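A.B. asks: This structure is in structure tokens; I'll ask about it shortly.
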Amino acid sequence: MDYEARRLENIRRNQALVQDLGFENDLAVQYEKKTRATPSTSAGRDAKRRNIQTSQPARTSVRISNASSGPAYNEDSAKDAASVHRKGPKKRLAENAANDAPLMTPSRLTPPPSGSDVESLMARWSSWEPTEPPPTRDDEGTYHFASHPSFTPNKSPEAIIREGSFGGSYWRPLYSKKLRATISGDWRELPGSWTSALSVPRYLTSETYDPEVNKYGVACGQSIEEWEAAGWIAHEYDVRGWFQWYCRFWMGRRCADDERQIGRWRKCVGETGRWRRILLKKYVQTGIRSVAEEGEVEDVEERGDVSPVVHQTCHHWAWEVRQEALERFWRDGKRALDTGKATKLRKIPSNSILHCSYHSLTTQDSPK
């Protein structure tokens, strides 16, 4: 038998052996799976191309984005309203994020407490005794606390509640994921005079956020649940956040969380607070020199209120624009603004200014 005949005989014998052992079907299945899992290069490119063609637009308009965002609940609105549509270099965003970072984030550092621990924690919320007297009020309507001279709000907790705040939902039943418990009825620890003759279901415990309840008729801020997830809530003191802390601080309680909460207030609406300055700048930009001038027309749409959202934000942080503060800002703050603008102009080449001026003149009547 020559070599070719022996080779063919070996092939037939091996095929018969494979068939007898049942390997033939297994090999076919494995090959089929492999070919399905690794499509051809051209097919892969077609799939990628189809994905690109059918993907959603990467950008949406600010108007649509704002319209689709739901109302929020919490007093901690100062940070979010600034950061939602903020634009600028990545370095600037990183610096802002670092400055806005919580001074302490207890919910991130500690594990959820057990059932018995939650009960004892809840008991401590209302077992404190007042150690400080109520604040005094000066001629400008600013409140002063002897224990913390740098904390100078001009809205009392009662005024914030009665004038309308947090969409009427701040004291609603609240489920805490951290504590795995629902907190309700804690509004009852407030002095009776703060809520007398007031509709509690509308102004305090509404299940839904109603912007019409707010003093300025607009929604602002984030929910307590969102701020709990972000780590801003110190559960051992105030499970609802800053405003609950402010109520208890006003009533005379002092605790280890005071400095953190006052620091947050100072950054938002203190003398150099971000939202205080933003609001006062808007008065200057619109040429309004009197607080009374802003609201002298009854029709809100016609009178052109200065940023109701920022007003409501400051209101939640226990501060509102008073005439004395507005006059000081017109005198001192406007000078600083003008100086800053002049400095920026000096850095721009004169030919760039001429080009911008010419461009604005030649395009102002063009179709948008």
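The values are calculated or read from the model by the stated rules, or taken from the named source; none is laboratory data. From a predicted model like this one, the values you see are computed outputs, not experimental measurements. Heads up, the Cβs are rebuilt from the backbone with ideal geometry, glycines too, and the neighbour counts pull from every protein chain shown.
The rows are residues; the columns are (1) assigned to a helix (DSSP H, G or I); (2) among the β-branched types (Val, Ile, Thr); (3) modelled with pLDDT under 95.
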{"position": "Ser120", "(1), (2), (3)": "yes, no, yes"}
{"position": "Glu129", "(1), (2), (3)": "no, no, no"}
{"position": "His144", "(1), (2), (3)": "no, no, no"}
{"position": "Ser150", "(1), (2), (3)": "no, no, no"}
{"position": "Lys155", "(1), (2), (3)": "no, no, no"}
{"position": "Ile161", "(1), (2), (3)": "yes, yes, no"}
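A.B. asks: So for the range 255-276 (the condition being on the phi < 0 side of the Ramachandran plot, modelled with pLDDT under 95 and surrounded by fewer than 16 Cβ atoms within 10 Å (Cβ to Cβ)), does at least one residue qualify?
C.D. replies: yes
A.B. asks: While we're here: Is one or more of the residues making up the range 292-304 β-branched (Val, Ile, Thr), outside any helix (DSSP H, G or I) and touching a Pro at 6+ places or on another chain (Cβ under 6 Å)?
C.D. replies: No.
A.B. asks: What do you reckon, is Tyr143 within 22 Å of the chain's Cα centre (by Cα) and aromatic (Phe, Trp, Tyr)?
C.D. replies: no
A.B. asks: Follow-up. Restricting attention to the range 225-254, and to residues there that are of a type in the set (A, V, I, L, M) and in contact with a strand residue (DSSP E or B) (Cβ under 9 Å, 6 or more places away or on another chain), which single residue is surrounded by the fewest Cβ atoms within 10 Å (Cβ to Cβ)? Give the derivation first.
C.D. replies: First, the residues of the range 225-254 that are of a type in the set (A, V, I, L, M): 229-230, 233-234, 239, 251.
Narrowing further to those that are in contact with a strand residue (DSSP E or B) (Cβ under 9 Å, 6 or more places away or on another chain): 233, 239.
On the way: Ile233: 27, Val239: 21.
Looking at residues that are of a type in the set (A, V, I, L, M) and in contact with a strand residue (DSSP E or B) (Cβ under 9 Å, 6 or more places away or on another chain), I get Val239.
A.B. asks: May I ask you to list the residues in the range 131-155 that are touching a strand residue (DSSP E or B) at 6+ places or on another chain (Cβ under 7 Å), surrounded by 14 or more Cβ atoms within 10 Å (Cβ to Cβ) and among the hydroxyl-bearing types (Ser, Thr, Tyr)?
C.D. replies: Within the range 131-155, Tyr143, Thr152 meet the criteria.
A.B. asks: Okay, moving on. Find the residue count for the range 173-217, including only residues that are over 15 Å from Ile161 (Cα atoms) and either under 22 Å from the mean Cα position of the chain (by Cα) or surrounded by 15 or more Cβ atoms within 10 Å (Cβ to Cβ) (or both). Steps first, answer last, please.
C.D. replies: Within the range 173-217, the subset over 15 Å from Ile161 (Cα atoms) is 173-185, 207-208.
In the following step, the residues that additionally are either under 22 Å from the mean Cα position of the chain (by Cα) or surrounded by 15 or more Cβ atoms within 10 Å (Cβ to Cβ) (or both) were identified as 173-179, 181, 183, 207-208.
Number of matching residues: 11.
A.B. asks: Which is part of a loop (DSSP other than H, G, I, E, B), farther than 28 Å from Pro191 by Cβ and touching a residue at least 40 places away in the same chain (Cβ under 8 Å), of Arg254, Arg240, Arg277, Arg289?
C.D. replies: Unique residue meeting the criteria: Arg289.
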